[in-house]
Each structure stands twice: as C-alpha cells, then as structure tokens.
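What follows is a set of notes on a single structure, which appears directly below.
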Amino acid sequence: MISGLSYWIFGRLEWSDLLIKSNAIATGASCMVVIVAIAIVALLTWTGRWGWLWREWLTSLDHKRIGIMYIVISFIMMARAIAEAMVMRTQQAMAAGGGTDLVGAEHFGQLFTTHGTVMIFFVAMPFLSGLINYLLPLQIGARDLSFPFMNAVGLALTWAGAVLIMVSLTVGDFSTGGWSAYPPFTELAFSPGEGVDYWIWSVTLTGIGTTLTGINFAVTIYKERCPGMHLMRMPLFCWTALCTAILIVFALPPLTVASSLLALDRYLDFHFFTNGSGGNMMNYANLFWLFGHPEVYILILPAFGVWSEVISTFSGKRLYGYRSLVLATMCIAVLSFTVWMHHFFTMGQSANVNAAFGFATMLIGIPTGVKVYDWILTMYRGRIRFSAPMLFAITFLFSFVVGGLSGILLSNAPTDFAMHNSLFLVAHFHNMLIPGTLFGFIAGYMYWFPKAFGFRLDERWGRIAWGLWTAGFFAAFAPLYSLGLMGAMRRTSQTYDPAYEPFLYVALVGAALLFAGFVALVVQLVVSTRHRDRLAVPIGDPWDGRALEWFTPSPPPEWNFARLPQVECIDAFAREKREGDPYAPQDGDYADIEMPRNTGLPTLIGMAGIACAFGLVWHIWWMAIVGFVAMWGFLVARSFESRTTRTIPAATVREANEAWLSRARMARAVPREIEFTAANTGRAEPLA
Amino acid sequence: MSAGKNLHPGINIGHVDPGAHRAAEPVIFGFWVFLMSDLVIFALLLATYAAMSVHGIAGGPTPAQVADLPSAAIETGLLLLSSFTMSLATVALKYRPGRAHLRRWLAVTAVLGLAFVGMEAWDFAKLAGQGAVPQRSGFLSAHFTLLGTHALHVSAGLVWMAVLAFQLGRTELEDLVRLRIMRLALFWHLLDVVWIAILTFVFLFGAVG
Ligand SMILES: [Cu+2]
C-alpha cells in the first residue's frame, strides 16, 4: 500500500503507472504520445514559436481562430481513434482463426472505449464546433459570436478533456466500460482502477465546454443577424447550427448529471446505479441516452447543413425545398428527444413502452427522407461539378439511405432483440456516423478551407482521399452487417466461429483503407500548403458561393465585414452577383470597429481544468482543489477586467476593404470549367 | 431603434440609452438560455429523486421519515423572502441613483441566503446523526444530491454577491455590474422556483407518504 505522506502528495499515482503497459502495442502508443509531445515542444522552442502560439492563437478570442483550433484538435484525435480501430480489427481478424491474441481482452476493452469516446467527444464534437464557430458569424453577417470570451473557455475545456484522454494513454489505464460507461460495470466494485475516472472527468470537462458553446451559438443566431437576415433567409447551415445549439442546451445537461452521479457513486459511495442498496442501473441508462440520442443529431445536423451548402453550390442551383429542409431539421431536433429508449429495448421495460419508442424512432425517417429528396432534387438539372466535397456528398446520399434502412430495422423492438448486441448494430451506427457526419465534416473542411486560409486544397489528393474513404467505409462496415446477422457479438476481442474470419479480414482491409484515407487528407494538406501560391484565392469566392461568407476576402479580416451587410433575400450574395456587381464601390462612411482584446485567461482555465481533473482521477486532492479554485478564480479575475475590447480605426478598415474590392474588380471571373486551375484567384464566374 | 421603446422586460436600466440596450440584450437573453440548461439538471435530479424515493429505499428511512416539515417551512420562508429582497435590490438599481439602497438590499438578501444554506446544513447534520447518510440507500443518495445541488447553487449565488459587492464601487465596471446584478436576480429567482418544486416533491409528498 501507499504510505501516508506519499498518498497526500501523489495520491494513488505510482511509478508503475507510468509509460509501461500491459502489452507491446499499448506501451508503444504510450511512448509515442510522450515522443510526439516532446517533439512538439522541441519544435516550438527550436523555431522560437512559443510567443507566436501564445499571442496569435492561445490568447485569441477571434471566432475564426477558435474554429480552426477546434478542427486541429479534431484531426489530431482522429488519427488516434482510427489507429485504435485498426488495432481492434486486426485483433478480431487474427483471433477468429484461433490465432494469437494481439492485444488481449483488457486492452481491447480500453480500445473500444477510447475509440468511441474519442470519436464522439473529441473528433466529431470539436469538428462541428469548429465549423460552426468559423462560419456562423460570417454567414449571418456578424462580426463575432455573442460571447467571445465564453467561446474561448468552451474551446479550453474541450482541449482540456482531450489532453486528459491523451494523458491516460501514458499515465495509468483508461476505462473498459465502453463509451457509454454503463454501471454497474463502471462502479467501483467492478472497475476499481482509475480508468472510469478518466472517462468521467474528460467527458465532464468537454461536456461543460460544449454546453457553453451551444448557448453561445443559439444566442448569436437569435441576436446577431445582420439587417434583413430574417430567420427564413439564413443559409441552411445556420439553421442546422441553430437546431444543434438548441439540442446542446437541452441534451448536454443529462450527460453532466449522469457522469456526476456516477462520480458520486465511485468517490463517495453513493447508490445511484449500484447493484445493491437501492441503486438502479436503469437510472443511468435513461440519463445517458437522454443525452446520447439527441447527441447523434447534434453530430449529424451540422453535416446536413454542410451537404445543403455543398450540393447547392456545386450544382449551381439554389437549394430545392428550402422551407421543407428547415422544417425537417426542426422536426428531427424535436423527435430526437422522444426516442432515447430505443437504446435499451432489451433492458426490461414493457412491450407497450418499446412499441411507443419504436414508433417514434421510425418517424424520424420521414423528415430525413424529405431531406434526401430535397438534395437529390437540388442536383436535378443542375450544372454539377464533381469536386471532392461533391463526391463525398454523393457517397453520402447512397450510403446514408442504407444506414437509415438498417436503423428502421433496429427500431422494431422484436428485431432489435435479435440484433442488439451484435456487430449489426456496430455496422448501423458507423453507417450513419461516417458518411452522415464525418464525410460531411470532411467535405465542409475542403469546401471552406480556401475561405479560412486563402488557398484551395489540392483537388487530386482530395479525390484520392474520397476514393479511399469511400472504399474503406464500404469494406469496413458492409461485412459487419453480415457478421451481425451471423451472430458475431460486438465488444468481444475474440470470436470462435471460423466462418467469421474472411469477413473480419475484409473489414480489416477496410479499416486500413480508412486510415489511408486519413493519410491522404494529411498529404493533401501538405501538398496544398507547399503550392499555396498557385492555389491562392485571396479574393474569396472560388466556387461561386451563394451565402455571405463568400463575400469576404480569404482569409477574412478579423472584423469579417467592413460594413455589416444588408440582406433582402435567401442567397443574397448569389443574387447580388447575378443582378449587379457586389464588388462595386460603395458609398457611405466606414466606422470604427470594436473587437475583443486578447486574453490568456481561457487557456489558464483549461490548464486549471486539467489539473483539477487529473487530481481527481488519481486522488491527488490538493491538486484537485487547487485546480478547481483556480478555474473559478480566473473567471472572477475576468469579471474585474473593464477594458475587454479594442478599437480598430475606420481608416484601417477602409484601407483594407478598398484594397480588396479594387483587387476583386480587377480580377476576371473564371468560368467553371477551369475553376480548379491556377487561373481561379477567388472569383468564379456566376451562372448566367 | 426608438429610445423610449420597452425593448426587453427588465433591461431598461436607469437612463435610456439605445446603445446600452443593444449591448444588454444578448447578455440577458443568453443568461435565460443558460438558466434553461441549468433547469434541465434540476428536472433530471427531481426525476431521479422521484424514481429513487419509491424504488431506492433499500430498507432504510422512507421519505416520510426524512421530511422535516417545520424546517422546510422556515427554509421556504427564508428563500421566498430573499427573493423579495432581491427584487427590492433590482428596483433600487433601477430607480435609486445612489448605491446605498442597492447595497443594503443585496446585503439583506445575502444574509437570508446564508441563513437558508445554514438551515440546510443543519438539516443534513441532523439526518446524518440519525444514520440517514447518503451512503445508506439510493433514496438518500438522491435526497442529498438534489438538495445539495440546490444548496450549492445558492452558495454560488452568495459568492457571486460577494464579488459584486466588491465591484459595486468601481466606476469603470458600472455598466457591467448593472447587468450582472440583473442576471444574479434572475438566477436567484430561478432557485426559488426550483425550491418550490423541491418543497412539493420532497417535503409535501414525503409528509403525505
Ligand atoms: Cu438513438
């Protein structure tokens, strides 16, 4: 046992918890984290970039920079989660034929837990927060989100959770309880180690951050729209952002409650979800899925928004059925709160309850179907250009329908009883979340990248990435449908039926292709950065975009719009291009602009959050208390700051804006056929 | 935007200034949205309590044995009164040019809030003395967590008041402090609303059962 003094200083942490793990692969991953961390620190020191990192990024309250940082987190975590998926697939394929164990059952448990947790909370969520952060103010013609400081705090809490989950690779073990962390398995009696605590605090940190971000998005849409931007004139991406924000405001608190009550059970011996003393696991199932089901729509609605923008732009048409798309989005948002019990049809509620929830689940197919038809009809008779984002959209349309149909199968409670714990379910939700969410975010990333950085991404590598992701997706998950129907269970490190083996190997190849798809994205980024002069689109409208964000230089200035735009219809910028000259000299004076002043407090709050959570995980109480007090202390310190904004003089704004406008006027609009060539400097020819 | 128009209930602060109104709008609205989110937490804790108070007894004390009506009556009185004095503070903020009235009513509110938290702590101690600790049963876990979360919110409100009392005299924070007091008032009244739900579910139902 740990001696008294050492416990007060280091809690339960011991030397044996560091670095060396149960098997070679885990130890390798652990060392890798340390090496990469050291390499990053060394690189920053070597190039003398610490000051730059602090001044330009970590203290920035600019929604655009915060959005970019969210997406960087997402990509880093994606690399980890896909690598884990490959290890899991290799393990199952090797073990099926009676071969050797690659990682062992315990580590396999950690792998599917971290894979799920990371993919949901640290890949998909930061990605959507990042996209919305970047685009929302631009699309509604605003200078910023309503609460820039709170926005930065939300980001800080998100990376704090991500750092904690990365630390768990090296210091101690992660939970083996699945991303949903079901008690009683995650209770102290069955999971006495630190793993579940890592899950609890990383998810709680990021969950609180997300709640703040959701409030911010909702308020921004309600209060910061530019003159004339009625709700029914907003781009569809803003509508999905609004519905997502509302879902976040109502659905994240259940997660906070579920994880906090689990923490009370584990830390203070309470009995919410224990087996004995009046605890009941069903409380947890209800609380968790009251969050968990809306969560899948939090993830998928912004992707629907991306598809709407991508499909309409690359079809050269306005969105078909705008109103029905808005209505369908709202219907989905509302219905998402009425179906949580379909996640535990098999857990003992009455047949009538199951029937009601099955019925509600099937209803969601209706608005979703409306959307699919609207997108198809948007393409109908359009001038479609098969750019990489558009190719992703087409893969999505096909595969999403398959996934939706498998969901309708599962929404039938008797069928669900047969398939619930099988790989069929795994196939279903990956079928929804990869083409539905991840492809959407990747397409959005490629589509808006030139807006954020001023140069296009390399189109050829974009297509290669699309090919790999598409092939990988089908190879990885189509076999799982068959395996599930053959009876292969999920969450098991070994299956003993030799008939599974060929399917598992196909799935492994699929996982490898998906990883290659990720690598292709990295290559695309590197290649494009190297050729950024040739790919530059500083004028800002390389695809003949339709919404306001394209009526800014690329990258946009800190203040987004020199003068807040005035809007008279949907797709205001498209109409302006069709009927007039958006770049014509405008009369009227420029005014001084107030922008938020940089502050390091959000970053400090994130660091204090890590300290607090790490202390709690390892029972290092002094560290937990110091971290907690520091978090609130920094917040109080912020409340004493009176000069939170700085003024950008009108002359500066005028100079920058006039320079951009005159440059845009001088540039010749390029026709669509050559929009992927160097001739395109950000002014695409509008469709006649 | 016409200056005389009532833009949003409760934010016509002192002098009529359209710029201040516009600046106040998202802040107050945002706080309402936050409160909705917070309310979900209480709703879920109440639902958990409702389930546990029936199925989580585990041979331990029942809601009827735990519900201390006289104590709850005093607590209710204290909290409702503090909501009233908080309203007086916001009225003073709006109509009294000096800050003396505002300070006084905030102080009274804080004292009442403190008394409320103290009473609850005393209740908790009394229950623990009878062996009715949260570790005893699922029901008691839910009881302590629900009431504890509410008490924690009230305590956070008290800390907030302390910080604001400190900031009240600083002229450079004038506008910020006004808006903060309005949000604090919203927060405080919401805790009152939550308490009424707790009173009904925990104490009145408990006493009947
Ligand atoms: Cu669901």
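Once fully extended, how much extra length lies between A:Asn23 and A:Leu268, figured as 0.36 nm per residue of separation less the alpha-carbon to alpha-carbon distance?
Between A:Asn23 and A:Leu268, full extension yields an extra 84.9 nm.
When each pair of different Cα atoms in the protein assembly as shown is counted once in the 1/r mean, what is the Kirkwood radius in angstroms, to one decimal?
29.2 Å
Can you pull the mean other chain C-beta count within 10 Å for peptide A:249-257?
Whole-number average of other-chain Cβ neighbours for A:249-257 is 5.
Apply the Karplus parameterisation 6.51 cos²θ - 1.76 cosθ + 1.60, with θ equal to phi minus 60°, to every residue of region B:83-89 and state each ³J(HN,Hα) to the nearest whole Hz, in sequence, with x for glycine and proline.
Karplus-based 3J(HN,Hα) across region B:83-89 equals 5, 5, 5, 5, 4, 4, 5 Hz.
Taking amide hydrogens as modeled 1.01 Å from N in the peptide plane, which residues meet the under 5 Å criterion relative to A:Gly228, leaving out close sequence neighbours?
For A:Gly228, whose amide H was placed from the backbone, the distant partners under 5 Å are A:Val567.
Name the residues whose placed amide hydrogens come within less than 5 Å of the amide hydrogen of A:Thr495, ignoring near sequence neighbours (fewer than 5 apart) on the same chain.
So A:Thr495 has HN proximity to A:Ala96.
Pop out the ³J(HN,Hα) list for region A:602-611 in order, Karplus 6.51 cos²θ - 1.76 cosθ + 1.60 with θ = phi - 60°, rounded to Hz; leave Gly and Pro as x.
x, 5, 5, 4, x, 5, 4, x, 4, 4
In nm, to one decimal, how far is the modelled label at A:Leu43 from the one at A:Asp497, with both set 7 Å along Cα→Cβ?
4.6 nm
Of the cross-linked pairs A:Lys21/A:Lys64; A:Lys371/A:Lys577; A:Lys64/B:Lys94; A:Lys21/A:Lys451, which ones have a Cα-Cα span greater than 32 Å in the structure shown?
In this structure, A:Lys21/A:Lys64; A:Lys64/B:Lys94; A:Lys21/A:Lys451 lie more than 32 Å apart at Cα.
Collect residues whose amide H, placed 1.01 Å from N in the peptide plane, falls under 5 Å from the amide H of A:Arg683; neighbours closer than 5 in sequence don't count.
Under 5 Å from the amide H of A:Arg683: A:Asp541, A:Val670.
Once you compute Rg and the Kirkwood Rh from C-alpha atoms, what is the Rg to Rh ratio for region A:543-688?
The Rg/Rh ratio comes out at 1.21.
Mind sorting A:Lys451, A:Lys223 by how few other Cβ atoms lie within 10 Å of their own Cβ, fewest first?
A:Lys223, A:Lys451
Please report the net charge: other residues with Cβ closer than 15 Å to the Cβ of A:Leu128, K and R +1, D and E -1.
Neighbour charge sum, excluding A:Leu128 itself: -2.
7 Å from Cα along Cα→Cβ at both A:Val527 and A:Glu106: what's the point-to-point distance in nm?
4.5 nm
How many angstrom separate the Cα center of region B:125-192 from the Cα center of region A:327-406?
With region B:125-192 and region A:327-406 each reduced to a Cα centre, they are spaced 42 Å.
Can you tell me the FRET efficiency between A:Arg12 and A:Leu397 if r is taken as the Cβ-Cβ distance and R0 is 45 Å, rounded to the nearest 0.05?
0.30
With +1 assigned to the C-beta of every Lys and Arg and -1 to the C-beta of every Asp and Glu, and no other charges, what is the dipole magnitude of the protein assembly as shown about the Cα centre in debye, to the nearest 20?
1740 debye
Kindly write out, for region A:452-469 in residue order, the coupling ³J(HN,Hα) from the Karplus curve 6.51 cos²θ - 1.76 cosθ + 1.60 (θ = phi - 60°), rounded to whole Hz, with x marking Gly and Pro.
7, 10, x, 9, 6, 7, 4, 6, 5, 5, x, 5, 4, 4, 4, x, 5, 5
Can you check what the net charge comes to around A:Val426, using other residues whose Cβ is under 15 Å from the Cβ of A:Val426 (Lys, Arg +1; Asp, Glu -1)?
Taking every other residue near A:Val426 into account, the sum is +1.
Let me know the Kirkwood hydrodynamic radius for region A:156-253, please, with Cα pairs as the basis and the value in Å to one decimal.
Result for region A:156-253, one decimal place: 15.6 Å.
Using a 10 Å cut-off around each Cβ, can you sort A:Glu685, A:Glu576 from fewest to most neighbouring Cβ atoms?
Ascending Cβ contact count within 10 Å gives the list A:Glu685, A:Glu576.
Per DSSP H run of n ≥ 4, the term is -39500 (n - 2.57); total these for chain A, divide by its residue number, and report the mean residue ellipticity at 222 nm rounded to 500 deg cm²/dmol.
Here the helix-only value at 222 nm equals -21500 deg cm²/dmol.
To the nearest 10 degrees, how steeply does helix A:125-139 sit against the main Cα axis of chain A, on a 0 to 90 scale?
20 degrees
What list do you get for A:Leu138, A:Leu661 if you sort them by fewest beta carbons within 10 Å?
Listing A:Leu138, A:Leu661 from fewest to most nearby Cβ atoms yields A:Leu661, A:Leu138.
Quantify how strongly other chains surround peptide B:58-65 by giving the mean number of their Cβ atoms within 10 Å of each of its Cβ atoms.
Mean shielding by partner chains, rounded to a whole number: 1.
What whole number of Å gives the distance from the Cα centroid of region A:172-202 to the Cα centroid of region A:1-78?
21 Å
Please give me the summed charge of the neighbours of B:Met119: other residues whose Cβ is under 11 Å from its Cβ, Lys and Arg +1, Asp and Glu -1.
-3
Starting from the Cα of B:Lys126, draw a straight line to each of the aspartates and glutamates and keep only those under 12 Å, dropping any in the same chain fewer than 8 residues away.
Leaving aside aspartates and glutamates fewer than 8 places away in the same chain, those within reach of B:Lys126 are B:Asp68.
Just to be sure I understand the model, the point goes 7 Å from the Cα along the line to the Cβ. What's the resulting A:Leu687 to B:Arg96 distance in nm?
For A:Leu687 paired with B:Arg96, the spin-label model returns 6.6 nm.
Quickly rank A:492-501, A:124-133, A:638-647, A:251-260 as a protection proxy: mean count of other C-beta atoms within 10 Å, highest first.
Ranked by mean Cβ neighbours within 10 Å, highest first: A:124-133, A:251-260, A:492-501, A:638-647.
Mean residue ellipticity at 222 nm from the helices of chain B, using -39,500 (n - 2.57) per DSSP H segment of n ≥ 4 over the full residue count, to the nearest 500 deg cm²/dmol?
Helices in chain B give a 222 nm mean residue ellipticity of -26500 deg cm²/dmol.
Tell me, what is the percent relative contact order of chain A, built from C-alpha pairs under 8 Å that lie six or more residues apart?
Contact order relative to length: 17 percent.
Could you work out how far helix A:621-639 tilts from the main Cα principal axis of chain A, as a 0 to 90 degree angle to the nearest 10?
20 degrees
As a test of understanding, state the convex hull volume per residue of region A:399-452 from its alpha carbons, in Å³.
Looking at region A:399-452, the number lands at 69 Å³ per residue.
Angle, helix A:195-223 long axis vs. longest principal axis of chain A, Cα atoms, 0 to 90°, nearest 10?
Tilt of helix A:195-223: around 30 degrees.
Could you tell me the center-to-center distance, by alpha carbons, between region A:559-633 and region A:477-556 in angstrom?
28 Å
Under the definition of partner shielding as Cβ atoms of other protein chains within 10 Å of a residue Cβ, what is the mean value for peptide A:627-636?
Per-residue shielding by partner chains comes out at 1.
Just to verify a number: FRET efficiency for A:Trp54 and B:Phe205, C-beta to C-beta distance, R0 = 45 Å, to 0.05?
0.25
Once the Cβ-Cβ distance between A:Ser662 and B:Glu174 is put in as r, and R0 is 45 Å, what FRET efficiency do you end up with, to the nearest 0.05?
0.55
Just to compare against my own numbers: the Cα pair-distance distribution for region A:60-108, 10 Å bins, whole % per bin, please.
Per 10 Å bin, starting at 0, the Cα pair percentages come out as 24, 30, 19, 16, 10, 2.
Percent of Cα-Cα pairs more than 15 Å apart in region B:66-152, please.
Counting every Cα pair in region B:66-152, those more than 15 Å apart make up 64 percent.
Which value results for Rg/Rh of region B:113-209 when Rg is the Cα radius of gyration and Rh the Kirkwood radius based on the inverse mean 1/r?
Here the Rg-to-Rh quotient is 1.11.
We did not get these values from a lab; they are worked out from the coordinates using the rules stated. None of the values given here were measured: they were computed from a predicted structure. So basically every Cβ, Gly included, is an ideal-geometry build from the backbone, and we count neighbours across all protein chains shown.
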